[in-house]
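**Q** Pasting in a structure now, in structure tokens, and then I'll have a few things to ask.
The values are calculated or read from the model by the stated rules, or taken from the named source; none is laboratory data. Note that the structure is a prediction, hence the values are computed from the model and not measured. Every residue, glycine as well, gets a Cβ built from its backbone with ideal geometry; the counts of neighbours run over all protein chains shown. Only protein heavy atoms, including side chains, enter the accessible area calculation; ligands, DNA and RNA are left aside. Shrake-Rupley method; radii C 1.70, N 1.55, O 1.52, S 1.80 Å.
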Amino acid sequence: MPAYAAGMDAPGSTWKPDGDLIYRTDRYGGRVGILPATCRNGEHSLHTVGYRAHDSEGCLRIVCQACISHVPPRLNNYWALRLTEPTPPRAELDDSPYEELRRTLRSK
Ligand SMILES: [Zn+2]
């Protein structure tokens, strides 16, 4: 079982995050949050269409601007990644740390 699946089924909770936010440390020792570069539906590059990120209830939500502007809005228009550390001051887009997570979601 991957680490992000551990403890996700809290009693009384039906909603769960997609996984944990991945961090890296830059060469100055600052923390950088890594956000997926492709939207939750796998259709849009967030570099191209843009995204909004906000944290709520211990999770960072990364909303795809293309999916949310769709009429009606697409399902699964945001990633919900659990913040295992305080919200990082900076973020960058990179799909590579999330490849396993995306594979898991596609197989559902
Ligand atoms: Zn999208």
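**Q** Give me the distance in nm between label points sitting 7 Å out from Cα along the Cα-to-Cβ direction at H47 and W15, one decimal.
**A** Here the modelled spin labels are 3.1 nm apart.
**Q** Can I ask one more? With a 4.7 Å Cβ cut-off, tell me which Cys residues in the chain come up empty for a partner.
**A** So, C59.
**Q** So for the stretch 13-108, considering every pair of alpha-carbon atoms, how many percent are separated by more than 15 Å?
**A** Above the 15 Å cut-off, the stretch 13-108 has 60 percent of its Cα pairs.
**Q** On to the next question. Using DSSP to call loops (not H, G, I, E or B), can you name the trypsin sites (Lys or Arg not before Pro) in the stretch 51-107 whose Cβ has at most 14 other Cβ atoms within 10 angstrom?
**A** none
**Q** From the protein chains alone at 1.4 Å, what is the descending order of accessible area for S69, S45, largest first?
**A** S69, S45
**Q** Please identify every one of the GluC sites (Glu not before Pro) in the stretch 51-108 that sits in a loop by DSSP and has no more than 14 other beta carbons within 10 Å of its own beta carbon.
**A** E57
**Q** Let me ask another. Roll a 1.4 angstrom probe over the protein heavy atoms and tell me the percent of accessible area of the chain that is carbon or sulfur.
**A** Accessible surface attributable to carbon and sulfur in the chain totals 52 percent.
**Q** Can you compute the FRET efficiency between T104 and S69 using 1/(1 + (r/R0)^6), with r the Cβ-Cβ distance and R0 = 25 Å? Round to the nearest 0.05.
**A** According to the calculation, E is roughly 0.40.
**Q** Amide H to amide H under 5 Å from D20: which residues, 5+ apart in sequence or cross-chain, H placed 1.01 Å off N in plane?
**A** Close amide H contacts, sequence-distant or interchain: R82.
**Q** Right, another one. Please list, in chain and number order, the residues 5+ apart from D94 or on another chain whose amide H is under 5 Å from its amide H, with Hs placed from the backbone.
**A** Excluding prolines and chain starts, which carry no amide H, the hits are L35, A37.
**Q** Under 15 Å from the Cβ of A66, count the other residues' Cβ atoms, weight Lys and Arg +1, Asp and Glu -1, and hand me the total.
**A** Around A66, the charge tally is +2.
**Q** Please work out the average accessible area per residue across the stretch 16-100, using the 1.4 Å probe convention, and give it in Å².
**A** Per residue, the stretch 16-100 has 55 Å² of solvent-accessible surface.
**Q** How large is the accessible surface of T14 in square angstrom, using a 1.4 angstrom probe and rounding to the nearest 10?
**A** Approximately 140 Å² for this residue.
**Q** Scan around D55 for amide H atoms under 5 Å from its own, H built in the peptide plane at 1.01 Å from N, and keep only partners 5 or more places away or cross-chain.
**A** Those lying under 5 Å, H to H, from D55 are R61.
**Q** On to the next question. Once fully extended, how much extra length lies between D94 and N76, figured as 0.36 nm per residue of separation less the alpha-carbon to alpha-carbon distance?
**A** My answer for the length gained is 4.6 nm.
**Q** Turning to a different aspect of this structure: Mind listing which chymotrypsin sites (Phe, Trp or Tyr not before Pro) in the stretch 33-108 are in a DSSP loop and have 16 or fewer other Cβ atoms within 10 Å?
**A** Answer in residue order: no site qualifies.
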